[in-house]
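To keep things clear, I will list the structure first and then write my remarks on it.
The values are calculated or read from the model by the stated rules, or taken from the named source; none is laboratory data. Remember, it's a predicted structure, so these values are computed and weren't measured experimentally. Positions of Cβ are generated from backbone atoms using ideal geometry, with glycine treated the same way; all protein chains shown enter the neighbour counts. Just so you know, the surface numbers come from the protein's heavy atoms only, side chains and all, with ligands and any DNA or RNA stripped out. Shrake-Rupley method; radii C 1.70, N 1.55, O 1.52, S 1.80 Å.
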Amino acid sequence: MTTVQTHTGTPTQADAPTGTDTHTDTDRDAELKALAEQAGRDLEDASALEILQWAVKTFGKQFCVTSSMEDAVVAHLASRANPGVDVVFLDTGYHFPETIGTRDAVEAVMDVNVITLTPRQSVAEQDAEYGPKLHDRDPDLCCALRKVAPLEQGLTKYRAWATGLRRDESPTRADTPVVGWDEKRRKVKISPIARWTQDDVDAYVSEHGVLTNPLLMDGYPSVGCAPCTRRVLEGEDARAGRWSGSAKTECGLHG
Ligand code: SF4
């Protein structure tokens, strides 16, 4: 397993240009953005595997999948498109043991390269600087320190990343494009299962024997950090157990 502590060194710019190149970063971003938006239109009706095959063909090693280890569906699809594909996992230090176990199982049995990103500070170091249980007092800051910052640094060497976002998960995700432009990180963001429903996910898991987090069968249809995730009640939205009792609905990775 590769573990990347996001405070060590400067990430490699695998896509650094060589030789004379008059393109500016702004030019490249504009081209990538146009490419992403065109692909979003062209691939709207394509299958998840076709979308990922396009991503692999277009970006090669500068493409990765991110996974929360809720399930390994997108990682499985991506490994079919590109065996050995990089799968990036954020270890916040607050995960359920089942989530870490799912990460380890994915690494052991799937043809993927799991890369674990860790925050700059351990939980103990964060507690010492900000006080204990920052997640209860300022979850936006906690997510910024333990999720958003490590991901942004970890994604530096890629031009495109895939997520498992689905339109049916919540109103905030209803307009998720299958391929779009991530303005914040200046990357192409690919959501190959954006059009899928939970039934589609369940069918794919069943058909391919894909690894899933055991908590999904234990009342947690959406799995995040342990302090910020509870079981959902009958009839509740799948993400109702995330940051329950607060207005927060997203960690900032997808905003
Ligand atoms: Fe912190 Fe909770 Fe965000 Fe995890 S989900 S990083 S514990 S606020």
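A few notes on this one:
- Most mobile of 203, 238, 39 in a GNM of the chain (Cα contacts under 10 Å): 203
- Potential extension, residue 238-residue 3 segment - 0.36 nm per residue separation minus Cα distance: 81.6 nm
- Once the 1.4 Å probe is applied to the protein heavy atoms, the stretch 106-235 comes out at 47 Å² accessible per residue.
- Ordered by solvent-accessible area of protein heavy atoms (1.4 Å probe), largest first, the residues 29, 111, 199, 104 come out as 199, 111, 104, 29.
- Exposed GluC sites (Glu not before Pro) absent: longest stretch of the chain, with sites in DSSP loops and at most 11 other Cβ within 10 Å deemed exposed: 1-182
- Across 244, 67, 79, mean-square fluctuation computed from a Gaussian network of the chain (C-alpha pairs under 10 Å connected) peaks at 244.
- Rounded FRET efficiency, nearest 0.05, which uses the C-beta distance separating residue 202 from residue 125 and R0 of 51 Å: 0.80
- Once the C-beta distance of residue 138 and residue 184 is scaled by a Förster radius of 25 Å, the resulting FRET efficiency is 0.80 to the nearest 0.05.
- The DSSP beta bridges internal to the chain are antiparallel in roughly 25% of cases.
- Within the accessible area of the stretch 22-219, the carbon and sulfur atoms contribute 51%, probe 1.4 Å, all protein chains present.
- Spin-label model, residue 61/residue 175: points 7 Å from Cα along the beta carbon direction are separated by 3.8 nm.
- Inter-label distance, nm, simple model (7 Å from Cα along the C-beta direction), residue 168/residue 246: 2.9
- Histogrammed with a bin width of 5 Å, the alpha carbon distances of the chain distribute as 1, 6, 12, 17, 20, 18, 13, 8, 3, 1, 0, 0, 0 percent, first bin at zero.
- Computed over Cα pairs, the Kirkwood radius of the stretch 81-233 leads via Stokes-Einstein (1.567 mPa s, 4 °C) to a diffusion coefficient of 75 µm² per second.
- Here residue 100 and residue 30 are evaluated by their C-beta separation; at R0 = 35 Å the FRET efficiency comes out at 0.30.
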